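For reference, the structure is listed below as structure tokens.
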Amino acid sequence: MRTEYMNLRRAIPAEEKAKLDKRISELFLASITYRYSKAVLLYAPLDDEIDVWGISKAALEAGKLVAFPRCNAEDNTMKYHIVKSLDELERSTFGILEPKAECEIYDYEKNAQNDHAVCIVPGVVFDKAGYRIGYGRGFYDRFLNKFEGVKVGFAYSDFIIKSVPRGRYDLACDVIVSEKGVRAIG
């Protein structure tokens with residue numbers, strides 16, 4: 001299923017993808033979830049992932065705390081680091097942009113609730129209950145297990161299906177944003 005949907009996502013024409021990404025970003029930025037958040041945890045998108053750079057720029061301009069993950073391949077964990085500028089991102093060993101090691105770590109266990117923190121969660125395909133299939137390494141599953149803020153999945157509407165396989169440690173997103181709208185789960 002992961003491979004099938006990754007191939008479908010890669011097949012979306014660039015112009016159409018750009019329109020879809022822009023619409024998803026606009027809907028998120030207009031949402032109450034974003035409006036009341038003080039902290040926005042993002043991902044640095046790969047070429048075929050939903051582009052969140054506009055959200056990161058808008059959040060920085062609005063004075064929100066913005067953080068991106070740094071991954072630890074030894075134990076498949078990640079920590080979010082606060083950035084004041086996108087210039088503080090560098091290529092990691094996975095080829096993904098990550099915050100420089102000297103960027104301050106965001107203490108989400110202490111601050112997520114007070115900051116009304118929002119974590120935008122990447123995924124390959126989501127289901128209507130908010131569960132997702134990611135990339136198979138478990139970085140987000142481990143992180144989200146302790147995250148008490150709002151978990152927001154970004155997906156193209158054709159990538160939200162009835163059900164995806166899930167394990168006992170998988171957690172659902174609280175909100176899914178597609179080009180067709182913002183949907184609260186549960």
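The values are calculated or read from the model by the stated rules, or taken from the named source; none is laboratory data. Everything numeric in this text was worked out from a predicted model, so none of it was measured. FYI the Cβ positions are ideal-geometry reconstructions off the backbone, even for glycines, and counts take in every protein chain you see.
The set of residues from the range 130-186 being of a type in the set (D, E, K, R), touching a residue at least 12 places away in the same chain (Cβ under 8 Å) and within 20 Å of L29 (Cα to Cα) comprises K151, D174, E179, K180.
Scanning the range 1-31 for residues that are farther than 18 Å from V121 by Cβ and either in contact with a helix residue (DSSP H, G or I) (Cβ under 6 Å, 6 or more places away or on another chain) or of a type in the set (V, I, T) (or both) turns up T3, I12. Among the residues of the range 33-53, those identified as farther than 26 Å from N114 by Cβ and in contact (Cβ under 8 Å) with a residue 12 or more places away in the chain are P45, L46, D48, E49, I50, D51, W53.
Could we say that K84 is touching a residue at least 12 places away in the same chain (Cβ under 8 Å) and either under 19 Å from D174 (Cβ atoms) or exposed (fewer than 13 other Cβ atoms within 10 Å of the Cβ) (or both) here?
In short, yes.
For F143, state whether it is out of contact with any Leu (no Cβ under 8 Å at 6 or more places or on another chain), at pLDDT 95 or above and not in a loop (DSSP other than H, G, I, E, B). Against the criterion (out of contact with any Leu (no Cβ under 8 Å at 6 or more places or on another chain), at pLDDT 95 or above and not in a loop (DSSP other than H, G, I, E, B)), F143 does not qualify. What are the residues in the range 80-136 that are touching a strand residue (DSSP E or B) at 6+ places or on another chain (Cβ under 9 Å) and among the basic types (K, R), if any? If the condition is that a residue be touching a strand residue (DSSP E or B) at 6+ places or on another chain (Cβ under 9 Å) and among the basic types (K, R), then K84, R91, K100, K128, R132 are the ones that fit. For the range 65-81, the set of residues classified as more than 16 Å from the chain's Cα centre (by Cα) and touching a residue at least 12 places away in the same chain (Cβ under 8 Å) consists of A73, N76, listed by residue number. In the range 12-32, the residues that are in a helix (DSSP H, G or I) form Cβ pairs under 6 Å with partners that are of a type in the set (A, V, I, L, M, F, W, C) and surrounded by 19 or more Cβ atoms within 10 Å (Cβ to Cβ), at six or more places apart or across chains, as follows: D21/I50; I24/I50; I24/F154; I24/V177; S25/I55; L27/V177; F28/V177.
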